[in-house]
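The numbers here are math on the coordinates, done by the rules we state, and not lab data. Source: prediction; values computed, not measured. Cβ atoms come from the backbone with ideal geometry, glycine included; neighbour counts cover every protein chain shown.
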Amino acid sequence: MATRTKSVEETPNENDINLLSEEENTMAENEKKLERLSHTAKIDFLNITPKEATPKWAIIGTAITSIENSYGAKTADEHWVIETNERHSLDGYSLGTDLEQTAYKGDGVFEFVDDIMYYMKKGPDCETTKLEVYKYRVDETESTPKYDARLLKVLIVPDTDSREGGSALKVKYKIQVQGDPTFGTVTFENGQPVFIEKTT
């Protein structure tokens, strides 16, 4: 019986095998490094004393089941006459967050927003600052961890307060970012965030 000789295509290339093994090893190493971030990996605070020299930070999240930042990216399109395809640029953002919150008396964020709604405030009386702390972006080289953070000037825009039989009072509002953020780091002292602006 004649022995069939393998063709070049059927014969494994040693270099291909080595490359495949390296790729599998790299993928395995990457999988070990992956860390699934939970919804608590980022926390937001609202300054509920904007007219005071020292901010009083209240955590945003009590009786809020979902927070979604809408970046509202602003793009510009140009179709050059010398090219077949269009070009695009990203020129800025319109960052904002729509929130629905069940009313809890004693919660600093609710009481701050409720005050704006009750008095139907406008202009600067609806302005404050928001602090976003990225807990997963942390420098732990020193004794006190430093978390990346950004400080934002914001406008509180009331939407609705609603009541339904058998349910709690709820409020809806928007936190609309005003202008550019300030980037820095946060450390915590007695449970309160302390923001330090980055100098570079």
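Averaging Cα coordinates gives a centre for the stretch 161-200 and one for the stretch 106-155; these two points are 3 Å apart.
Of the GluC sites (Glu not before Pro) found in the stretch 96-200, the ones in coil according to DSSP and having at most 13 other Cβ atoms within 10 Å of their Cβ are Glu140, Glu142, Glu164.
For the cross-link pairs Lys170/Lys198; Lys172/Lys198; Lys56/Lys170; Lys122/Lys198; Lys33/Lys170; Lys32/Lys74, which exceed 30 Å when the distance is taken from alpha carbon to alpha carbon?
Numbers: Lys170/Lys198 38 Å; Lys172/Lys198 34 Å; Lys56/Lys170 24 Å; Lys122/Lys198 32 Å; Lys33/Lys170 41 Å; Lys32/Lys74 37 Å.
Pairs exceeding 30 Å: Lys170/Lys198; Lys172/Lys198; Lys122/Lys198; Lys33/Lys170; Lys32/Lys74.
Were the residues from Glu100 through Lys33 laid out at 0.36 nm apart, the gain over their Cα-Cα distance would be 20.6 nm. Equivalent-ellipsoid semi-axes for the stretch 36-134 (Cα gyration tensor, √(5λ), whole Å, largest first): 36, 18, 13.
Using unit Cβ charges (K, R positive; D, E negative) and no other charged atoms, how large, in debye to the nearest 20, is the dipole of the stretch 125-200 about its Cα centre? Before the final figure, lay out the partial values.
Details: 11 positive and 13 negative charges, 50 e Å.
That gives the stretch 125-200 a dipole magnitude of about 240 debye.
Gain in length, Ser70 to Lys121, computed as 0.36 nm per residue apart minus the alpha-carbon separation, to one decimal in nm? Walk me through the intermediate numbers first.
Working: separation 51, 0.36 × 51 = 18.36 nm, distance 2.44 nm.
Gain on extension, Ser70 to Lys121, equals 15.9 nm.
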